[in-house]
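Undergrad: Structure provided below as structure tokens; questions to follow.
What follows is calculated from the coordinates using simple rules that are stated; it is not laboratory data. What you see is a predicted model, and the numbers here were worked out from it, not measured in a lab. Glycine gets a Cβ as well: all are built from the backbone with ideal geometry, and neighbour counts include every protein chain shown.
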Amino acid sequence: MATATKKATVLSSAPRLKALYESTYKKELQAELNLANIHQVPKLEKIVVSAGTGKSKEDKRHQEVVKNTITKVTGQASTSRLAKKSIATFKIRAGMGAPIGHLVTLRGARMYEFLDRLVNISLPRVRDFHGVKVKAFDKSGNYSLGITEQSIFPELTFEETQVAHGLQVTFVIKNDSTEHSRALLEKFGVPFEKKGVK
């Protein structure tokens with residue numbers, strides 16, 4: 001009896017999208033994609049949120065703004081990335097002191113909570129939004145979403161959005177095909193643009 005109560009408590013405290021995936025979406029996807037085994041159902045493994053510092057890599061304030069954005073919108077401290085290659089055009093040397101970007105890798109509860117907020121709160125705040133691009137899947141079926149400005153995230157104050165910068169959100173998905181990845185993201189509410197709409 002105590003075990004059953006404990007199990008119910010764990011399920012009720014699970015992020016909304018994770019609970020829906022386990023209780024409903026997995027079975028629906030298995031049927032809709034005509035999969036013989038439940039283990040073939042696509043699964044979201046992690047979300048990587050990153051931002052490059054580009055030409056402002058030497059600007060300490062810009063670095064702090066980018067780090068603050070990623071930490072605030074994901075709820076997890078970011079890690080810095082140094083250049084691995086030298087690119088003369090951008091005045092970048094391999095291993096140079098200033099970070100060229102910052103990122104966070106989200107898994108588990110934080111991953112599902114971030115996805116829920118992104119889809120239901122942040123993306124609808126994009127001006128003239130008609131959906132995300134359909135052709136942003138890579139060969140492995142992972143999906144990358146570019147965000148032009150961080151101001152769409154309500155976690156940030158007006159002052160924290162005065163130095164504008166973009167973000168990249170990458171969904172890493174265990175899948176058998178791009179179509180399966182898209183079906184999973186659509187279940188989670190990711191709004192793909194419709195044909196003929198720009």
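Undergrad: Please go through region 108-182 and write out the chymotrypsin sites (Phe, Trp or Tyr not before Pro) that DSSP classes as loop and that have at most 11 other C-beta atoms within 10 Å.
TA: Those satisfying the criteria are F158.
Undergrad: Continuing with the same structure: If you take every residue apart from F137 with its C-beta less than 12 Å away from the C-beta of F137, what net charge results, scoring Lys and Arg +1 and Asp and Glu -1?
TA: Charge balance in the 12 Å sphere: +2.
Undergrad: Select from region 96-186 those trypsin sites (Lys or Arg not before Pro) which occupy a DSSP coil region and have at most 16 other Cβ atoms within 10 Å, ordered by residue number.
TA: Answer in residue order: R107, R127, K133, K135, K139.
Undergrad: Under 5 Å between amide hydrogens, which residues at least 5 positions from I100 or on another chain qualify, with H placed 1.01 Å from N in the peptide plane?
TA: Those qualifying (amide H under 5 Å, at least 5 residues apart or on another chain) are R81, L82, A83.
Undergrad: Below 12 angstrom from the Cβ of I47, what's the summed charge of the other residues (Lys, Arg +1; Asp, Glu -1)? It would help to have the intermediate numbers written out before the result.
TA: Numbers: positive: K46, R107, R110, R117; negative: E45, E113, D116.
Result for the neighbourhood of I47: +1.
Undergrad: How large is ³J(HN,Hα), in whole Hz, for each residue of region 173-183 in order, when computed from phi with the Karplus curve 6.51 cos²θ - 1.76 cosθ + 1.60 and θ = phi - 60°, using x for Gly and Pro?
TA: My calculation for region 173-183 gives 10, 7, 8, 9, 6, 4, 4, 5, 4, 5, 4 Hz in order.
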